[in-house]
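Each reported figure results from applying straightforward, stated rules to the coordinates on display, with no laboratory input. Computed from a predicted structure; not experimentally measured. Here the Cβ positions follow ideal geometry from the backbone for every residue, glycine too, while neighbour counts run over all protein chains shown.
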Amino acid sequence: MDVAERVFGMLAGSWRLSRAIEPGLGTATGTATFTPAGPGRMDYREDVELRLANGHVGEAYREYGYVLEDGRIRVLLADGTTMHLLAFGEQAGQWSADDVHDCRADQYRGSYRMAPDGELTVDMKVDGPAKDYRIVTRYRRA
């Protein structure tokens, strides 16, 4: 079993998540669930309470697809567009993968890290003409 298969297998189930939108733009806390949806596929849904620095507090959700294929994990947006194609390797005692997604004039550089204890961290740097922020999400088993 390769690293991507191991990581994919560890994703199934419920997670608690905490998210920081930096620098100081907001936070989100809530739950995420990876639900098997056929061989080599999982549906992802998160439900969070979003707190922005401008005082806004509200409920939010995101949905993605995760597909295991050819030793990599493809992360799909809700419309089926590929957001990231992750080739996991082992580095410094954890499994990691990096990828870049261009969306119009914006660029999303994602780093995915799975620690030996099963904690998953997704670090997304977003740059564009009107964007310059970082979103760090930490997942722990519910």
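Taking the condition loosely packed, with under 14 Cβ neighbours inside 10 Å, closer than 20 Å to Gly110 by Cβ, of a type in the set (D, E, K, R) and touching a residue at least 12 places away in the same chain (Cβ under 8 Å), does Glu69 pass? The answer is yes for Glu69. The residues of segment 13-30 that are in a loop (DSSP other than H, G, I, E, B) and surrounded by 13 or more Cβ atoms within 10 Å (Cβ to Cβ) amount to a single one, Leu25.
Take the residues in segment 83-96 that are in a strand (DSSP E or B) and in contact (Cβ under 8 Å) with a residue 60 or more places away in the chain, then tell me which one is nearest to the chain's Cα centre (by Cα). Break it down stepwise before answering.
As a first pass, look at segment 83-96 and keep what is in a strand (DSSP E or B): 83-86, 89-91, 94-96.
Filter again for in contact (Cβ under 8 Å) with a residue 60 or more places away in the chain, leaving 86, 89-90, 95.
Numbers: Leu86: 11, Gly89: 17, Glu90: 18, Trp95: 14 Å.
Residue satisfying both the conditions and the ranking: Leu86.
Considering (1) among the acidic types (Asp, Glu); (2) surrounded by fewer than 17 Cβ atoms within 10 Å (Cβ to Cβ); (3) on the phi < 0 side of the Ramachandran plot, the lone condition that Glu46 does not fulfil carries the number (2).
Assessment of segment 49-59 against the conditions (within 15 Å of the chain's Cα centre (by Cα) and either assigned to a strand (DSSP E or B) or crowded, with 17+ Cβ neighbours inside 10 Å (or both)) yields no matching residue. If you go through segment 31-43 and pick out every residue that is part of a strand (DSSP E or B) and either among the polar types (S, T, N, Q) or in contact with a Leu (Cβ under 7 Å, 6 or more places away or on another chain) (or both), you end up with 6. When Gly80 is tested against the conditions (1) outside any strand (DSSP E or B); (2) surrounded by 12 or more Cβ atoms within 10 Å (Cβ to Cβ); (3) of a type outside the set (A, V, I, L, M, F, W, C), the lone failure is (2). Of the residues making up segment 60-77, just one is in a strand (DSSP E or B), among the acidic types (Asp, Glu) and closer than 16 Å to Arg6 by Cα, namely Glu69.
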